[in-house]
Amino acid sequence: MAGSAGAAPLIGVLALQGGFDAHQRRLARLGADSRRVRTGRDLEELDGLILPGGESTTMSLGIEREGLADPLRDLARAGVPVLGTCAGLIMLDRDHLDLMDLRAQRNAFGTQLESFEADLALEGVEGAPLHAVFIRAPWIAEYGPDVRVLAAMDGHPVAARQGDLLAVAFHPELSDDDRVHRLLLDAIAARRDGGGPDPDRDRAERAQA
Amino acid sequence: MYSEQWTVSSIREQATPRVKTGLAEMLKGGVIMDVVSAEQASLAEHAGAAAVMALERVPADIRRDGGVARMSDPAMIRQIQAAVSIPVMAKARIGHFAEAQVLQALKVDYIDESEVLTPADEENHIDKWGFQLPFVCGATSLPEALRRIGEGAAMIRSKGEAGTGDIVEAVRHLRSIRGEIRRLATLGEDEVFSAAKELRSPLELVQAVAREGKLPVPLFCAGGIATPADASLVMQLGAEAVFVGSGIFKSEDPERRARAIVEATTHFDDPERVAAASDGLGTPMASLEAAKLQGEELLAQRGW
């Protein structure tokens, strides 16, 4: 439950359609509780939220059918950390939930034939490069000054952060690497300890960029 | 805005098992709809399909028309690819690796080596490891599923009996696959060898299923889904997504039925939502009772 120190965090995984199952398996392995989110009721008392991969058109229609757009926005604007992966990145962009100041280019790397795995450097992740799985993946075509780009592939941004919203174009739930999910869990822990995102850190990073 | 720090030289691996099953992971909880034209594909996408299966005739028409059913005309597949942004799948005949090569050249997203088409090889299925694209194959039982996975399939769909609108075979196949998985999971490590022999399936795959309690690739359901409640039923029986063939575009109001089946697949375990989705959908597809079909009329018997 939100705020109770020591208890496992409860993370909602949007489960209208898409890669929710693999995210839930990963969260279980990391000791976090998860809940499938299919209606507004499922958003109560969440400590974090994952918008998984899947088909962005299908997911948009589902969000509209369930009236989930405003509840999801309210949750993110209340400071609950959010991780969007692949189609989840698209959901966070200006043309969809409009939570991050960026525009995603859908299927930017091509069809399934061009899907691939590769290592990349992700800012904020220590150690060896991150192994990333890109499936019919988008990239970030445009972004505003509040968005911090964390990684790129072929010169196109594929990971970005804005406050406690983290978006990646690849699928951390499909590789053996836990570190992207740990970023979400760290943001949740930091929020529990300190209460909310750190504006000084964000300002400092923007200045640095 | 381009920054030097992003330039990381990196080796790209394509067509790995993870990339192939990964797309199936992304289709979970969704509905894959058979379409025969760009208009139908577009309607399916706007109704919430997670992917479309491009084919020349839906199974109900293949049954009615008879004759040899083949891969679709590439022109039609291209029109469908141009019409939608969701993944486009297409069917090749069992064992017809040249049709599969053509589909790969067309850059479809998934190839269905399908019993709905007339088999091209009575001995061998396609060696799917030799392809860059992922394959889905039908199965009626766990051994059949494991043989297909052994040949490189990245997704299994229970076969059901396509083009009938009768869910009974899909239920039989799903229950059989899931039941065999549960049985394997209860075996001791020393008992798995004999089980693999009995199942005529690759030992490594049988060991993996016994250990994990599930198939190493996603398990979807096809063949006979005609209503939202059918979708709910097979999802509750353990399917992770559904294929709907004739059930949508052979019904009275395809758009409403498509939306309703999408909604019921998402909310499969909420009877009130399935009830609401089922309300006033009009007439479903004309159906055939699978139990009355005989011999060669049974498509599920194709493949082994």
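The values are calculated or read from the model by the stated rules, or taken from the named source; none is laboratory data. In this text the structure is predicted, and so the values were computed from the model without any measurement. Note: ideal-geometry Cβ built from the backbone for every residue, glycine included; neighbour counts use all protein chains shown. For accessibility, only protein heavy atoms count, side chains too; no ligands or nucleic acids. Shrake-Rupley method; radii C 1.70, N 1.55, O 1.52, S 1.80 Å.
List the residue pairs whose Cβ atoms are under 6 Å apart, where the first residue sits in region A:108-119 and is without any contact (Cβ under 8 Å) to a residue 40 or more places away in the chain, the second is of a type in the set (A, V, I, L, M, F, W, C) and assigned to a helix (DSSP H, G or I), and the two are 6 or more positions apart or on different chains.
Cβ pairs passing all conditions: A:Q112/B:L23; A:S115/B:V19.
Take the residues of region A:44-65 that are surrounded by fewer than 21 Cβ atoms within 10 Å (Cβ to Cβ) and of a type outside the set (A, V, I, L, M): which is farthest from the other protein chains (Cβ to nearest Cβ)?
Taking region A:44-65 as the starting set, the residues that turn out to be surrounded by fewer than 21 Cβ atoms within 10 Å (Cβ to Cβ) are A:44-45, A:57, A:60, A:63-65.
Those still in the list that are of a type outside the set (A, V, I, L, M) too: A:44-45, A:57, A:60, A:64-65.
Working: A:E44: 17, A:E45: 20, A:T57: 6, A:S60: 9, A:E64: 10, A:R65: 7 Å.
Looking at residues that are surrounded by fewer than 21 Cβ atoms within 10 Å (Cβ to Cβ) and of a type outside the set (A, V, I, L, M), I get A:E45.
Filtering region A:4-43 down to residues that are out of contact with any Lys or Arg (no Cβ under 8 Å at 6 or more places or on another chain), within 14 Å of chain B (Cβ to nearest Cβ) and assigned to a loop (DSSP other than H, G, I, E, B), which residue is surrounded by the fewest Cβ atoms within 10 Å (Cβ to Cβ)?
Here the answer is A:T39.
In region A:129-182, how many residues are part of a helix (DSSP H, G or I) and either at positive phi or aliphatic (A, V, I, L, M) (or both)? Steps first, answer last, please.
Here is the first cut: in region A:129-182, the ones part of a helix (DSSP H, G or I) are A:179-182.
Now restrict to residues that are either at positive phi or aliphatic (A, V, I, L, M) (or both): A:180.
Count: 1.
So for region B:222-234 (the condition being within 12 Å of chain A (Cβ to nearest Cβ), touching a helix residue (DSSP H, G or I) at 6+ places or on another chain (Cβ under 9 Å) and either surrounded by 18 or more Cβ atoms within 10 Å (Cβ to Cβ) or over 19 Å from B:V58 (Cα atoms) (or both)), does at least one residue qualify?
First pass over region B:222-234, keeping only residues within 12 Å of chain A (Cβ to nearest Cβ): none.
Among the residues of region B:222-234, not one is within 12 Å of chain A (Cβ to nearest Cβ), touching a helix residue (DSSP H, G or I) at 6+ places or on another chain (Cβ under 9 Å) and either surrounded by 18 or more Cβ atoms within 10 Å (Cβ to Cβ) or over 19 Å from B:V58 (Cα atoms) (or both), which makes the answer no.
Can you confirm whether A:P9 is closer than 19 Å to A:D101 by Cα and not aliphatic (A, V, I, L, M)?
Working: closer than 19 Å to A:D101 by Cα: no; not aliphatic (A, V, I, L, M): yes.
Spelling it out, it is not the case that A:P9 is closer than 19 Å to A:D101 by Cα and not aliphatic (A, V, I, L, M).
Looking at B:L293, B:L281, B:L288, B:L298, which is the one that is under 28 Å from B:L184 (Cβ atoms) and in contact (Cβ under 8 Å) with a residue 40 or more places away in the chain? Can you show your working first?
Values: B:L293 fails: under 28 Å from B:L184 (Cβ atoms); B:L281 fails: under 28 Å from B:L184 (Cβ atoms); B:L288 fails: under 28 Å from B:L184 (Cβ atoms).
Within the list B:L293, B:L281, B:L288, B:L298, the selection yields B:L298.
Residue by residue through region B:210-240, note down the ones that are out of contact with any Pro (no Cβ under 7 Å at 6 or more places or on another chain) and small (G, A, S).
Taking region B:210-240 as the starting set, the residues that turn out to be out of contact with any Pro (no Cβ under 7 Å at 6 or more places or on another chain) are B:210-225, B:228-239.
Of everything in region B:210-240, those that are out of contact with any Pro (no Cβ under 7 Å at 6 or more places or on another chain) and small (G, A, S) turn out to be B:A210, B:G213, B:A222, B:G223, B:G224, B:A229, B:A231, B:S232, B:G238, B:A239.
Being open to solvent by 30 Å² or more (accessible area, probe 1.4 Å) and touching a helix residue (DSSP H, G or I) at 6+ places or on another chain (Cβ under 9 Å) narrows it down to one residue among A:G127, A:G84, A:G79; which is it? Spell out the reasoning first.
On the way: A:G84 fails: open to solvent by 30 Å² or more (accessible area, probe 1.4 Å); A:G79 fails: open to solvent by 30 Å² or more (accessible area, probe 1.4 Å).
So the residue among A:G127, A:G84, A:G79 that is open to solvent by 30 Å² or more (accessible area, probe 1.4 Å) and touching a helix residue (DSSP H, G or I) at 6+ places or on another chain (Cβ under 9 Å) is A:G127.
Residue check, A:M91 against (1) touching a residue at least 24 places away in the same chain (Cβ under 8 Å); (2) farther than 30 Å from B:V102 by Cα; (3) within 13 Å of chain B (Cβ to nearest Cβ), all met but one. Which one?
Checking A:M91 against (1) touching a residue at least 24 places away in the same chain (Cβ under 8 Å); (2) farther than 30 Å from B:V102 by Cα; (3) within 13 Å of chain B (Cβ to nearest Cβ), the one that fails is (3).
Residue by residue, here is whether (1) in contact with a Phe, Trp or Tyr (Cβ under 9 Å, 6 or more places away or on another chain); (2) surrounded by fewer than 19 Cβ atoms within 10 Å (Cβ to Cβ); (3) away from chain A (no Cβ under 12 Å) holds:
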position: B:E13; (1), (2), (3): yes, yes, no
position: B:K20; (1), (2), (3): yes, no, no
position: B:A24; (1), (2), (3): yes, no, no
position: B:V31; (1), (2), (3): yes, no, no
position: B:L43; (1), (2), (3): yes, no, yes
position: B:H46; (1), (2), (3): no, yes, no
position: B:A49; (1), (2), (3): no, no, no
position: B:V58; (1), (2), (3): yes, no, yes
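Out of everything in region B:103-129 that is crowded, with 18+ Cβ neighbours inside 10 Å and of a type in the set (A, V, I, L, M), what residue ends up being farthest from the other protein chains (Cβ to nearest Cβ)?
Once the filter is applied, the top-ranked residue is B:A120.
If we scan region B:193-200, do we find a residue that is part of a loop (DSSP other than H, G, I, E, B) and either in contact (Cβ under 8 Å) with a residue 60 or more places away in the chain or in contact with a Pro (Cβ under 8 Å, 6 or more places away or on another chain) (or both)? It would help to see each step written out before you state the result.
Filtering region B:193-200 down to residues part of a loop (DSSP other than H, G, I, E, B) leaves B:200.
Remaining after also requiring either in contact (Cβ under 8 Å) with a residue 60 or more places away in the chain or in contact with a Pro (Cβ under 8 Å, 6 or more places away or on another chain) (or both): B:200.
The answer is yes; a qualifying residue exists.
Among the residues of region A:58-71, which ones are free of Cβ contacts under 8 Å to residues at least 12 places away in the same chain and farther than 16 Å from B:A260 by Cα? Give the steps one after another, and end with the answer.
Quick first cut of region A:58-71, residues free of Cβ contacts under 8 Å to residues at least 12 places away in the same chain only: A:61, A:64-65, A:70.
If the condition is that a residue be free of Cβ contacts under 8 Å to residues at least 12 places away in the same chain and farther than 16 Å from B:A260 by Cα, then A:D70 is the only one that fits.
Has region B:110-118 got any residue that is in contact with a Pro (Cβ under 7 Å, 6 or more places away or on another chain) and under 22 Å from B:R302 (Cα atoms)? Steps first, please.
Let us first name the residues in region B:110-118 that are in contact with a Pro (Cβ under 7 Å, 6 or more places away or on another chain), namely B:110, B:116.
Applying the additional criterion that residues be under 22 Å from B:R302 (Cα atoms) yields B:110, B:116.
There is at least one residue in region B:110-118 that is in contact with a Pro (Cβ under 7 Å, 6 or more places away or on another chain) and under 22 Å from B:R302 (Cα atoms).
Please work out which residue is nearest to B:E13 (Cα to Cα), limiting yourself to region A:105-128 and to residues that are of a type in the set (A, V, I, L, M, F, W, C) and in a loop (DSSP other than H, G, I, E, B). Let's see the steps before the verdict.
First, the residues of region A:105-128 that are of a type in the set (A, V, I, L, M, F, W, C): A:108-109, A:113, A:116, A:118, A:120-122, A:125, A:128.
Of the ones still in play, those that are also in a loop (DSSP other than H, G, I, E, B) are A:108-109, A:121-122, A:125, A:128.
Working: A:A108: 17, A:F109: 14, A:A121: 17, A:L122: 19, A:V125: 22, A:A128: 18 Å.
Top of the filtered list is A:F109.
Which ranges mark the helices (runs of 4 or more DSSP H) fully within region B:201-304 that have 3 or more residues being of a type in the set (A, V, I, L, M) and out of contact with any Phe, Trp or Tyr (no Cβ under 9 Å at 6 or more places or on another chain)?
Details: elements: B:203-212, B:228-236, B:246-249, B:254-266, B:271-278.
Those helices (runs of 4 or more DSSP H) span B:203-212, B:254-266, B:271-278.
Quickly run through region B:78-103 and pick out the residues that are closer than 22 Å to A:S115 by Cβ, free of Cβ contacts under 8 Å to residues at least 60 places away in the same chain, of a type outside the set (A, V, I, L, M) and not in a helix (DSSP H, G or I).
B:S85, B:K91
Kindly evaluate A:T39 against the criterion of being within 17 Å of B:G22 (Cβ to Cβ) and over 16 Å from the mean Cα position of the chain (by Cα).
Details: within 17 Å of B:G22 (Cβ to Cβ): no; over 16 Å from the mean Cα position of the chain (by Cα): yes.
Criteria not met by A:T39.
Residue check: is A:G84 part of a helix (DSSP H, G or I), touching a residue at least 60 places away in the same chain (Cβ under 8 Å) and closer than 30 Å to B:I80 by Cβ? I'd like the intermediate steps shown before the answer.
Working: part of a helix (DSSP H, G or I): no; touching a residue at least 60 places away in the same chain (Cβ under 8 Å): yes; closer than 30 Å to B:I80 by Cβ: yes.
In short, no.
Looking only at region B:138-174, how many residues end up being among the basic types (K, R) and open to solvent by 10 Å² or more (accessible area, probe 1.4 Å)? Step through it out loud before you land on a result.
Kept after step one, since they are among the basic types (K, R), are these residues of region B:138-174: B:147-148, B:157, B:159, B:172.
In the following step, the residues that additionally are open to solvent by 10 Å² or more (accessible area, probe 1.4 Å) were identified as B:147, B:172.
Count: 2.
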